[in-house]
Ligand SMILES: [Zn+2]
Ligand SMILES: [Zn+2]
(Lines give C-alpha, C1' and ligand atoms only; values in the text may rest on other atoms or scores of the structure.)
(Ligands and ions follow the chains in the order given, each with its own letter.)
Protein backbone atom coordinates (compact mmCIF):
# COMPACT_ATOMS: atom_id res chain seq x y z
CA UNK A 1 0.00 0.00 0.00
CA UNK A 2 1.33 3.42 -0.93
CA UNK A 3 0.91 6.85 0.64
CA UNK A 4 -2.04 8.69 -0.95
CA UNK A 5 -0.08 11.92 -0.75
CA UNK A 6 3.41 11.08 -2.04
CA UNK A 7 3.24 7.43 -3.20
CA UNK A 8 5.86 6.25 -0.71
CA UNK A 9 5.32 2.64 0.31
CA UNK A 10 3.66 2.62 3.72
CA UNK A 11 5.37 0.80 6.57
CA UNK A 12 3.20 -1.36 8.79
CA UNK A 13 3.54 -0.63 12.48
CA UNK A 14 2.18 -2.97 15.11
CA UNK A 15 1.08 -1.60 18.44
CA UNK A 16 -0.33 -4.24 20.76
CA UNK A 17 -2.59 -5.76 18.18
CA UNK A 18 -3.44 -2.58 16.28
CA UNK A 19 -2.01 -2.23 12.83
CA UNK A 20 -1.26 1.19 11.41
CA UNK A 21 0.29 2.00 8.07
CA UNK A 22 2.81 4.77 8.44
CA UNK A 23 4.39 6.90 5.70
CA UNK A 24 8.10 7.50 6.42
CA UNK A 25 8.17 10.45 4.00
CA UNK A 26 5.29 12.69 5.11
CA UNK A 27 4.61 10.99 8.46
CA UNK A 28 0.94 10.52 7.64
CA UNK A 29 -0.92 7.48 8.92
CA UNK A 30 -3.61 5.21 7.57
CA UNK A 31 -6.04 3.70 10.07
CA UNK A 32 -8.38 0.89 9.15
CA UNK A 33 -12.00 1.92 9.37
CA UNK A 34 -12.49 -0.43 12.27
CA UNK A 35 -9.70 1.15 14.29
CA UNK A 36 -11.04 4.69 14.39
CA UNK A 37 -14.40 3.19 15.15
CA UNK A 38 -12.96 1.54 18.24
CA UNK A 39 -11.41 4.80 19.30
CA UNK A 40 -14.75 6.54 18.91
CA UNK A 41 -16.49 3.85 20.92
CA UNK A 42 -14.58 4.91 24.01
CA UNK A 43 -16.23 8.32 24.15
CA UNK A 44 -19.65 8.18 22.59
CA UNK A 45 -22.68 6.03 22.24
CA UNK A 46 -23.12 4.46 18.87
CA UNK A 47 -26.12 6.45 17.68
CA UNK A 48 -24.43 9.66 18.73
CA UNK A 49 -21.15 9.11 16.98
CA UNK A 50 -22.80 7.90 13.79
CA UNK A 51 -24.75 11.11 13.61
CA UNK A 52 -22.02 13.55 14.41
CA UNK A 53 -18.61 12.32 13.39
CA UNK A 54 -18.55 13.96 9.98
CA UNK A 55 -19.05 17.64 9.20
CA UNK A 56 -18.46 19.67 6.07
CA UNK A 57 -18.09 16.70 3.79
CA UNK A 58 -16.34 17.54 0.54
CA UNK A 59 -14.28 15.83 -2.14
CA UNK A 60 -10.75 14.97 -1.10
CA UNK A 61 -7.68 15.58 -3.23
CA UNK A 62 -6.38 12.13 -2.28
CA UNK A 63 -7.16 8.62 -3.54
CA UNK A 64 -7.81 5.68 -1.25
CA UNK A 65 -4.60 3.62 -0.89
CA UNK A 66 -6.68 0.43 -0.79
CA UNK A 67 -9.00 0.75 -3.80
CA UNK A 68 -7.65 3.83 -5.58
CA UNK A 69 -10.98 5.65 -5.60
CA UNK A 70 -11.08 9.34 -4.79
CA UNK A 71 -11.75 9.78 -1.08
CA UNK A 72 -13.92 12.35 0.65
CA UNK A 73 -12.69 14.79 3.25
CA UNK A 74 -14.61 15.80 6.33
CA UNK A 75 -14.13 17.75 9.49
CA UNK A 76 -14.05 15.67 12.59
CA UNK A 77 -16.85 16.48 15.00
CA UNK A 78 -17.08 20.15 14.15
CA UNK A 79 -13.50 20.73 15.18
CA UNK A 80 -11.24 21.92 12.45
CA UNK A 81 -9.62 18.54 11.98
CA UNK A 82 -9.58 17.29 8.44
CA UNK A 83 -9.62 13.56 7.82
CA UNK A 84 -9.83 11.82 4.47
CA UNK A 85 -11.85 8.64 4.21
CA UNK A 86 -12.84 6.12 1.56
CA UNK A 87 -16.47 5.85 0.47
CA UNK A 88 -16.14 2.09 0.79
CA UNK A 89 -14.99 2.38 4.41
CA UNK A 90 -11.49 1.11 3.77
CA UNK A 91 -10.03 3.47 6.32
CA UNK A 92 -8.99 6.97 7.33
CA UNK A 93 -5.99 9.03 6.31
CA UNK A 94 -4.53 11.40 8.90
CA UNK A 95 -1.85 13.86 7.89
CA UNK A 96 1.12 14.28 10.17
CA UNK A 97 0.19 16.24 13.24
CA UNK A 98 -3.50 15.50 13.08
CA UNK A 99 -3.24 12.45 15.33
CA UNK A 100 -2.31 14.57 18.30
CA UNK A 101 -5.32 16.73 17.64
CA UNK A 102 -7.56 13.71 17.72
CA UNK A 103 -6.31 12.98 21.21
CA UNK A 104 -6.92 16.60 22.23
CA UNK A 105 -10.44 16.46 20.88
CA UNK A 106 -11.15 13.33 22.88
CA UNK A 107 -9.96 15.05 26.04
CA UNK A 108 -12.09 18.11 25.36
CA UNK A 109 -15.04 15.88 24.79
CA UNK A 110 -14.59 14.18 28.13
CA UNK A 111 -14.47 17.58 29.83
CA UNK A 112 -17.63 18.58 27.99
CA UNK A 113 -19.41 15.54 29.35
CA UNK A 114 -18.26 16.37 32.85
CA UNK A 115 -19.66 19.88 32.58
CA UNK A 116 -23.04 19.03 31.14
CA UNK A 117 -25.57 18.94 33.94
CA UNK A 118 -27.92 16.70 32.00
CA UNK A 119 -25.21 14.35 30.84
CA UNK A 120 -25.19 12.05 33.83
CA UNK A 121 -26.47 9.17 31.79
CA UNK A 122 -24.00 9.74 29.00
CA UNK A 123 -21.22 10.09 31.50
CA UNK A 124 -22.18 6.82 33.14
CA UNK A 125 -22.12 5.07 29.80
CA UNK A 126 -18.82 6.71 29.01
CA UNK A 127 -17.32 5.42 32.21
CA UNK A 128 -18.72 2.02 31.39
CA UNK A 129 -16.97 2.08 28.07
CA UNK A 130 -13.71 3.04 29.74
CA UNK A 131 -13.54 -0.50 31.02
CA UNK A 132 -12.45 -1.42 27.54
CA UNK A 133 -9.97 1.34 26.89
CA UNK A 134 -7.13 -0.76 25.60
CA UNK A 135 -7.58 0.36 22.05
CA UNK A 136 -7.64 4.05 22.90
CA UNK A 137 -4.55 3.70 25.07
CA UNK A 138 -2.80 1.95 22.26
CA UNK A 139 -3.71 4.60 19.74
CA UNK A 140 -2.60 7.40 22.03
CA UNK A 141 0.62 5.53 22.65
CA UNK A 142 1.42 4.97 19.02
CA UNK A 143 1.02 8.64 18.25
CA UNK A 144 3.28 9.66 21.05
CA UNK A 145 0.47 11.04 23.15
CA UNK A 146 0.81 10.73 26.87
CA UNK A 147 0.43 12.72 30.03
CA UNK A 148 0.33 16.44 29.41
CA UNK A 149 3.66 18.08 29.79
ZN1 LIG B 1 3.45 10.20 2.60
ZN1 LIG C 1 -11.13 2.47 -0.69
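Summary of computed values
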{"quantity": "Any pair with Cβ under 7 angstrom, 6 or more apart, that starts in region 4-19 at a residue that is closer than 19 Å to residue 63 by Cβ and assigned to a strand (DSSP E or B) and ends at one that is modelled with pLDDT of 95 or more and more than 8 Å from ligand 1 (Cβ to nearest atom)", "calculated": "9/2"}
{"quantity": "Selection from region 1-48 of residues that are buried (at least 17 other Cβ atoms within 10 Å of the Cβ), away from ligand 2 (no atom under 16 Å from the Cβ) and modelled with pLDDT under 70", "calculated": "18, 38, 39, 40, 42, 43, 44"}
{"quantity": "Tally of residues being in contact with a helix residue (DSSP H, G or I) (Cβ under 7 Å, 6 or more places away or on another chain) and either at pLDDT below 70 or away from ligand 1 (no atom under 15 Å from the Cβ) (or both) across region 84-106", "calculated": "3"}
{"quantity": "Filter pass, residue 61 being modelled with pLDDT of 85 or more and either in a loop (DSSP other than H, G, I, E, B) or within 14 Å of ligand 2 (Cβ to nearest atom) (or both)", "calculated": "no"}
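The values are calculated or read from the model by the stated rules, or taken from the named source; none is laboratory data. Small disclaimer: the values here were computed from a predicted structure and weren't measured. Don't worry about glycine lacking a Cβ; one is built from the backbone with ideal geometry, like all the others, and counts go over all protein chains shown.
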